[in-house]
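The values are calculated or read from the model by the stated rules, or taken from the named source; none is laboratory data. What you are looking at is a predicted structure, and each value in this text was computed from that prediction instead of being measured. Note that we place each Cβ from the backbone using ideal geometry, even for glycine, and neighbour counts take in every protein chain shown. Ligands, DNA and RNA are stripped out before the accessible areas are found, and what is left, the full protein with its side chains, is counted by its heavy atoms. Shrake-Rupley method; radii C 1.70, N 1.55, O 1.52, S 1.80 Å.
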Amino acid sequence: MSGPLPYSGTEYWKNYLLRWYGGEETLRQWTRHVRESTYRGQHRTHALDLYAGASPERPVIILVPGSVSYGRLFAYPALLLRELGYNVITFDFEGCGLDRQGLGDYTLEAHVKNLVDVIQRARQEFKGPVVTFGLSFGGMTSYLAAERTPVDVMAWYACVDPSDREFIQTEFSPGKAMPLVVSLFRGLAKLMPKVRVPVKAFLQYSRLSDSADFNDAYGKDPLVGGSCTLRAMVSVMSDYQKSVPFGAARFPFLVMHDRQDRMFPMKYSRKTYEQLGDIPKAYVELAGQGHWPTSPEGMKALIAPLDTFLQGLPLGARAVGT
C-alpha cells in the first residue's frame, strides 16, 4: 500500500474511491451526483443514497450489501450504473455502516425488513422497474425480501444459498458437525445475545479479493467493524431459509460469479441457476475479479453483464430506450 489511507471514521469509505477506483475525480463525481438521504427502519433511520439516472422511468437498481458490508462501499459501481442511465440506490442495513448506535448487532430478519422498506422507497422515488442487485450474501437477502414485496428483476454476484446443505457441510470447518455447532451457538445467543465475537471467526478477509492491500484496508474499516454480536453471527450462519424454491421464482434472474472467487466457490452459483425455472435468466462466469473487483476495469467487467441482461428484457428495452 502506497502510504497511509487519508480518511477515517465515517468517511473511511472514501479511501476505496481514492486508492482503488479512480482517485479524486471519482470523489468529485460522487459529490456531484449523489443525493444523501435516509430511510426509516424498524428501530431508527439508516443511510440511503440516491443516484438519479437519465430519467425516472428508467430502471432503479438497488445495490444490496452482503452481511458484513454497507452502502457506500458500492459508491463506484453506483456511479458506473448511473453513467449508463440507470437510477441507483445504495443503503445501509441495520447494524451496518453509518449505523453507529448498533454496529455489528442485527438479525437477518431485520435486514430483510430493511430491504423491503428500501424497495418500497425505490418505487416512491422512481417510476421504472425495480432491480435488486445482491452482492455476496446480499443476493439471498434480496431473494427473501422478494418473497414479501415484488421486484421486477433480480441479479446476484458471488452469492450462494447459505441454506444449501452441501455448502454448509463443505465450506465451513466443522463440516457435518456444522448443524450441531450452530445449535450450540444459537443456545448461547439466547442467553448472551450482545456478547461480541470477532468477524474473522466466520469471515476470512484474505479471501475477499486478490489485493492484499485492499483486504487489509477492509479489515481495518471502522464502518465494517471488527466484531459483531453473537446473535448476529448465528443469524448469518443459519437464518437464510427461503419459503419459495428457486424453481418457483417468476422474475427475470441473472446469476454471476467469478472463476477465481476464493470466498465462495462458483459451483454453488451454478447450482442455484440450474434450479431456476422457465423464466428469462442468464448465467455469467467472470474471470480474474475474485469475490470483489478492486480496479475500475474489474468493476466495469462486473457491471457490463447486468447492463446487457437488462437491455435484453422487454422492460429493459422500454425503460433504457434501446
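When you scan the range 197-208, how many residues do you find that are modelled with pLDDT of 85 or more and either closer than 16 Å to Pro65 by Cα or assigned to a helix (DSSP H, G or I) (or both)? Summing the residues that are modelled with pLDDT of 85 or more and either closer than 16 Å to Pro65 by Cα or assigned to a helix (DSSP H, G or I) (or both) in the range 197-208 gives 3.
State whether one or more residues within the range 23-35 are of a type in the set (Ser, Thr, Tyr) and open to solvent by 30 Å² or more (accessible area, probe 1.4 Å). Within the range 23-35, one or more residues are of a type in the set (Ser, Thr, Tyr) and open to solvent by 30 Å² or more (accessible area, probe 1.4 Å). The residues of the range 289-313 that are open to solvent by 30 Å² or more (accessible area, probe 1.4 Å) and touching a helix residue (DSSP H, G or I) at 6+ places or on another chain (Cβ under 7 Å), listed by number, are Gln289, Thr294, Lys300, Gln311.
Screening Asp210 with (1) open to solvent by 20 Å² or more (accessible area, probe 1.4 Å); (2) without any contact (Cβ under 8 Å) to a residue 40 or more places away in the chain gives one miss only, at (2). Of the listed requirements (1) touching a strand residue (DSSP E or B) at 6+ places or on another chain (Cβ under 8 Å); (2) surrounded by 19 or more Cβ atoms within 10 Å (Cβ to Cβ), Met263 misses just one: (1).
Yes or no, residue by residue, for (1) over 26 Å from Ala212 (Cβ atoms); (2) of a type outside the set (A, V, I, L, M); (3) touching an Asp or Glu at 6+ places or on another chain (Cβ under 7 Å):
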| site | (1), (2), (3) |
| --- | --- |
| Tyr21 | no, yes, no |
| Glu24 | no, yes, no |
| Leu27 | no, no, no |
| Val34 | yes, no, yes |
| Ser67 | no, yes, no |
| Gly71 | no, yes, yes |
| Ala75 | no, no, no |
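Within the range 219-251, how many residues are surrounded by fewer than 19 Cβ atoms within 10 Å (Cβ to Cβ) and of a type in the set (Phe, Trp, Tyr)? Within the range 219-251, residues that are surrounded by fewer than 19 Cβ atoms within 10 Å (Cβ to Cβ) and of a type in the set (Phe, Trp, Tyr) number 2.
Please specify each residue of the range 281-301 satisfying the condition of being over 17 Å from Pro265 (Cα atoms) and of a type outside the set (Val, Ile, Thr).
Taking the range 281-301 as the starting set, the residues that turn out to be over 17 Å from Pro265 (Cα atoms) are 281-282, 294-301.
Within the range 281-301, Lys281, Ala282, Ser295, Pro296, Glu297, Gly298, Met299, Lys300, Ala301 meet the criteria.
Against the list (1) surrounded by 15 or more Cβ atoms within 10 Å (Cβ to Cβ); (2) modelled with pLDDT of 95 or more; (3) in a helix (DSSP H, G or I); (4) of a type in the set (A, V, I, L, M), the condition Leu254 fails is (3). Of everything in the range 36-52 that is open to solvent by 20 Å² or more (accessible area, probe 1.4 Å) and part of a loop (DSSP other than H, G, I, E, B), the residue that is farthest from Gly225 (Cα to Cα) is Ala52. Tell me whether the range 265-286 contains one or more residues that are in a loop (DSSP other than H, G, I, E, B), within 28 Å of Arg148 (Cα to Cα) and touching a Ser or Thr at 6+ places or on another chain (Cβ under 9 Å). No: the range 265-286 contains no residue that is in a loop (DSSP other than H, G, I, E, B), within 28 Å of Arg148 (Cα to Cα) and touching a Ser or Thr at 6+ places or on another chain (Cβ under 9 Å).
Would you confirm whether or not the range 239-255 contains a residue that is farther than 30 Å from Pro305 by Cα and of a type outside the set (Asp, Glu)? Scanning the range 239-255 turns up no residue that is farther than 30 Å from Pro305 by Cα and of a type outside the set (Asp, Glu).
So if I check each of Pro59, Pro65, which one is open to solvent by less than 30 Å² (accessible area, probe 1.4 Å) and in contact with a Pro (Cβ under 8 Å, 6 or more places away or on another chain)?
Details: Pro65 fails: in contact with a Pro (Cβ under 8 Å, 6 or more places away or on another chain).
Within the list Pro59, Pro65, the selection yields Pro59.
The single condition among (1) open to solvent by 10 Å² or more (accessible area, probe 1.4 Å); (2) over 26 Å from Gly290 (Cα atoms) that Ser136 does not satisfy is (2).
Looking at the structure I just gave you, is Leu5 under 19 Å from Trp292 (Cα atoms) and touching a helix residue (DSSP H, G or I) at 6+ places or on another chain (Cβ under 6 Å)?
When the stated conditions are applied, Leu5 does not pass them.
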